[in-house]
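Q: My questions all concern the structure below.
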Amino acid sequence: MKCKVCKATAVVSLPSHNTGFCADCFMSFYERSVERSIRRQKLFTFEDKILVALSGGKDSLACALVLKKLGYQVHGLHIDLAIPESSAAARGVVERFCATHDIPLIVKEMEEEDLQIPRVKKVLSRSVCSACGRIKRYFFNKVAMDEGFTALATGHNLDDEIARLFSNTLRWDIPHLSDQGPLLEAENGFARKVRPLFRLTEFENANYAFLNDLEYHYAPCPYSPGATSTAYKKLWNQLEEDMPGRKLAFYTAFLAHGREPFRQFEKEEGTKPVPCERCGYPTSAGICGVCRTRDAVAADSE
């Protein structure tokens, strides 16, 4: 296959676009795609102070790097979950990445918050994945709000977005269908949330990371086997193989035509968040999930 742009030998094949690129042209394609997504969705401007959540994986590192290359004001945030072996490796990758690319880094240690994921897992009777996600979102938002960032960016890719949309549709989860998309405006105590890579697949992010020689943390979380999102991604990958381009078509059609009715319903009928009685974090009522988790961990320690 020849590169679509320069006709050199292609090194990246993209069946969803019916094309292929050499290394240099793929990087240009990737960066233009992100730039176009930011502009069309009005995610942020060059005046914004952007906090990028960095797990150490290829997607979040690719997100930070491409925003830095495009000239945006980028800071990194890493949540050290205190998972044996896994967390130390991921943190090391993030610290080296930020040092190499001159990106200021904030690290929040869950050990200092008494919310180490192994301790949280011990007190739960269900999978720890949802609690872990809730804790990370809590501190993403808290740091963004407390430190005056005007946008909180994550490395969610098209595969992540499709899996979430599929899951929410199977359950007809109106609150989550109403707020799914690359942009959530700041309101009710929540920071402005953006997903600049929403049009790019995990495969495209992996190629961008590889061609930029990025070291990234690739070992799976020891607590994640059996996650439903993995099963949904597998289904959609098979569909994409049979019908290239179906992921992007489905997702962009939802944004254009499917999301607004759910937003209107949620605006009229949904529950408005209120500040947590203890920490002030937005919650549906009373005490937020993170504070309840703190209580459970503290009770187990007594």
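The values are calculated or read from the model by the stated rules, or taken from the named source; none is laboratory data. Treat the numbers as computed from the prediction; the structure is a model and nothing was measured. Cβ: placed from backbone, ideal geometry, glycine included. Neighbour counts: every protein chain shown. Side chains included, ligands, DNA and RNA excluded: accessible areas come from the protein's heavy atoms. Shrake-Rupley method; radii C 1.70, N 1.55, O 1.52, S 1.80 Å.
Q: Once amide H atoms are built 1.01 Å from N in the peptide plane, which residues 5 or more positions from Thr283, or in another chain, come under 5 Å H to H?
A: Val274, Cys276
Q: Using a cut-off of 30 Å between alpha-carbon atoms, which lysines can reach Lys42, once sequence neighbours fewer than 8 places away in the same chain are excluded?
A: Cα-Cα hits under 30 Å: Lys4, Lys58, Lys68, Lys69, Lys108, Lys136, Lys142, Lys193, Lys233, Lys247, Lys267, Lys272.
Q: Give me the number: length gained by fully extending Glu277 to Arg263, i.e. 0.36 nm times residue separation minus the C-alpha to C-alpha distance, one decimal in nm.
A: 2.3 nm
Q: Still on this model: Once label points are set 7 Å from the Cα along Cα→Cβ at both Tyr218 and Ala231, what is their separation, rounded to one decimal in nm?
A: Here the modelled spin labels are 2.7 nm apart.
Q: Once you place label points 7 Å from the Cα toward the Cβ at Glu31 and Asp242, how far apart are they in nm?
A: Label at Glu31, label at Asp242, 3.9 nm between them.
Q: Which order do the peptides 256-262, 104-110, 25-31, 154-160 take when ranked by the mean count of other beta-carbon atoms within 10 Å per residue, highest first?
A: Ranked from most to least packed, the peptides come out as 154-160, 25-31, 104-110, 256-262.
Q: If you don't mind, another one. Can you give the Rg/Rh ratio of the chain, where Rg is from the C-alpha atoms and Rh is the Kirkwood radius?
A: Over the Cα atoms of the chain, Rg/Rh equals 0.96.
Q: If you stretched the chain out fully between Asp114 and Asp295, how much longer would it get, using 0.36 nm times the residue separation minus the C-alpha to C-alpha distance?
A: Full-extension gain reported as 64.1 nm.
Q: In addition: What is the dipole size for region 65-127, taken about its Cα centre, with +1 at each Lys and Arg Cβ and -1 at each Asp and Glu Cβ, in debye to the nearest 20? Before the final figure, lay out the partial values.
A: Working: 9 positive and 9 negative charges, 67 e Å.
Once rounded to the nearest 20, the dipole reads 320 debye.
Q: Would you please give the FRET efficiency between Thr45 and Leu211, computed as 1/(1 + (r/R0)^6) with r the Cβ-Cβ distance and R0 = 35 Å, to the nearest 0.05?
A: Efficiency, rounded to the nearest 0.05: 0.80.
Q: Could you work out what % of the accessible surface of the chain is carbon and sulfur, using a 1.4 angstrom probe and leaving DNA, RNA and ligands out of the count? Please list the in-between numbers first.
A: Values: 8140 of 15590 Å².
Ligands and nucleic acids excluded, carbon and sulfur reach 52 percent.
Q: Oh, and also: Rolling a 1.4 Å sphere over the protein heavy atoms, what is the accessible area per residue of region 104-218, to the nearest Å²?
A: Values: 5390 Å² over 115 residues.
In whole numbers, region 104-218 has 47 Å² accessible per residue.
Q: Let me ask something additional. Can you list, largest first and rounded to whole Å, the semi-axes you get for region 10-124 by taking the square root of 5 times each eigenvalue of its Cα gyration tensor?
A: For region 10-124, the ellipsoid semi-axes come out as 32, 18, 14 Å.
Q: Between Ile174 and Ile287, how many nm apart are label points set 7 Å from Cα along the C-beta direction?
A: About 3.0 nm, to one decimal.
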